[in-house]
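The values are calculated or read from the model by the stated rules, or taken from the named source; none is laboratory data. Values in this document were obtained by computation on a predicted structure and should not be read as measured data. Here Cβ is always computed from backbone atoms with ideal geometry, including for glycine, and neighbour counts include all displayed protein chains.
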């Protein structure tokens with residue numbers, strides 16, 4: 001027996017020879033595909049019956065149309081965002097943004113058109129700007145403008161509304177105006193003690209590994225929300241009676257507020273939300289504009305990211321302000337352009 005709490009040599013050698021416990025792992029892609037094929041073959045009769053009626057076929061057609069149009073822009077947007085995060089030098093933004101906050105805010109807003117990125121990518125970029133001494137008002141302006149007015153978003157809006165080119169112009173103007181207004185509002189009323197920033201972490205395997213990791217993460221996350229948004233849009237257009245939607249859609253105020261609230265809930269990536277908005281044919285152009293302006297500014301996933309990156313004290317103040325300013329800008333630009 002070992003004495004005084006020591007461990008015998010035999011027991012130590014036995015522990016060393018003991019096989020390590022295997023790590024639990026999730027299913028591989030091949031295993032997941034096999035399970036999916038087995039499910040499809042087993043449930044084939046029920047699936048044929050489920051999707052055989054006209055209503056289900058109409059839902060599938062609308063859902064597929066939104067996804068086919070939106071996915072190429074989603075891929076391009078996440079690739080550009082990952083490239084910016086991986087290859088643009090960390091101090092570039094600090095050198096490019098003016099020191100004077102009143103001037104830095106509109107400059108940061110306009111730079112969103114030059115340095116595109118999706119919502120998920122713009123939040124850590126804004127945190128990096130603040131850590132490197134950029135005024136928080138300018139960093140938040142860039143965070144809002146970048147996913148809302150970048151070239152991919154503008155082009156996707158043109159494609160989604162081929163007969164209404166004014167929609168892309170109205171979206172650009174409303175989003176830029178709202179981003180600058182929120183930046184100036186923060187410069188006036190914001191407080192540094194509301195912010196909590198985590199330490200910056202570098203990817204250990206180099207820039208290309210960071211690019212691949214960033215693109216994979218952003219695409220998987222954004223694509224999931226796109227599927228949800230496309231499913232909701234298809235459901236609204238297929239299963240909900242038009243008489244029900246007409247009560248809300250025909251009201252100028254309720255229609256705008258309904259689609260603004262929907263943008264918060266469905267959390268669709270800005271590179272693809274125009275296709276979902278275009279499919280909501282019952283609503284007015286201004287209501288669709290509100291959907292596209294509000295989404296990149298505040299939604300469920302962004303609220304969680306803001307709280308995790310900047311702290312809850314920031315998130316509970318920023319989200320309501322961003323929502324109100326975005327809706328106001330959409331209504332104002334809708335009255336001018338649409």
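Which one is modelled with the highest pLDDT, of the residues in the range 84-94 that are surrounded by fewer than 18 Cβ atoms within 10 Å (Cβ to Cβ) and part of a helix (DSSP H, G or I)?
Here the answer is 87.
Just for the range 98-121: of the residues that are out of contact with any helix residue (DSSP H, G or I) (no Cβ under 8 Å at 6 or more places or on another chain) and over 19 Å from residue 297 (Cα atoms), which one is modelled with the highest pLDDT?
The extreme case among them is 103.
Under 7 Å between Cβ atoms, at least 6 apart or on separate chains: pull out the pairs that start in the range 202-219 with a residue that is at pLDDT below 75 and end on any residue that is assigned to a helix (DSSP H, G or I) and loosely packed, with under 14 Cβ neighbours inside 10 Å.
Pairs that qualify, where the first residue is at pLDDT below 75 and the partner is assigned to a helix (DSSP H, G or I) and loosely packed, with under 14 Cβ neighbours inside 10 Å, are 203/209.
Across the range 220-257, which residue is modelled with the highest pLDDT among those that are under 24 Å from residue 331 (Cβ atoms) and surrounded by 22 or more Cβ atoms within 10 Å (Cβ to Cβ)?
Of everything passing the filter in the range 220-257, 256 is modelled with the highest pLDDT.
Listed here are the residues, each with its yes/no results for (1) more than 19 Å from residue 156 (Cα to Cα); (2) under 12 Å from the mean Cα position of the chain (by Cα); (3) in contact (Cβ under 8 Å) with a residue 40 or more places away in the chain.
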| residue | (1), (2), (3) |
| --- | --- |
| 267 | no, yes, yes |
| 270 | no, yes, yes |
| 276 | no, no, yes |
| 281 | no, no, yes |
| 286 | no, no, yes |
| 289 | no, no, yes |
| 294 | no, yes, no |
| 297 | no, yes, yes |
| 305 | yes, yes, yes |
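Just name the residue that is modelled with the lowest pLDDT out of those in the range 258-289 that are assigned to a helix (DSSP H, G or I) and surrounded by fewer than 16 Cβ atoms within 10 Å (Cβ to Cβ).
Among those that are assigned to a helix (DSSP H, G or I) and surrounded by fewer than 16 Cβ atoms within 10 Å (Cβ to Cβ), it is 265.
For the range 63-82, which positions are modelled with pLDDT of 75 or more and touching a helix residue (DSSP H, G or I) at 6+ places or on another chain (Cβ under 6 Å)?
Within the range 63-82, 63, 67, 79 meet the criteria.
Quick grid of which residues meet (1) at pLDDT below 95; (2) farther than 16 Å from residue 107 by Cβ; (3) in a loop (DSSP other than H, G, I, E, B):
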{"residue": "133", "(1), (2), (3)": "yes, no, yes"}
{"residue": "138", "(1), (2), (3)": "yes, no, no"}
{"residue": "153", "(1), (2), (3)": "yes, yes, no"}
{"residue": "156", "(1), (2), (3)": "yes, yes, no"}
{"residue": "164", "(1), (2), (3)": "yes, yes, yes"}
{"residue": "170", "(1), (2), (3)": "no, yes, no"}
{"residue": "178", "(1), (2), (3)": "no, yes, no"}
{"residue": "182", "(1), (2), (3)": "no, no, no"}
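Looking at this structure, is residue 248 touching a helix residue (DSSP H, G or I) at 6+ places or on another chain (Cβ under 6 Å) and in a helix (DSSP H, G or I)?
yes
Among 317, 313, which is the only one that is in contact with a helix residue (DSSP H, G or I) (Cβ under 6 Å, 6 or more places away or on another chain), surrounded by fewer than 24 Cβ atoms within 10 Å (Cβ to Cβ) and assigned to a helix (DSSP H, G or I)?
313
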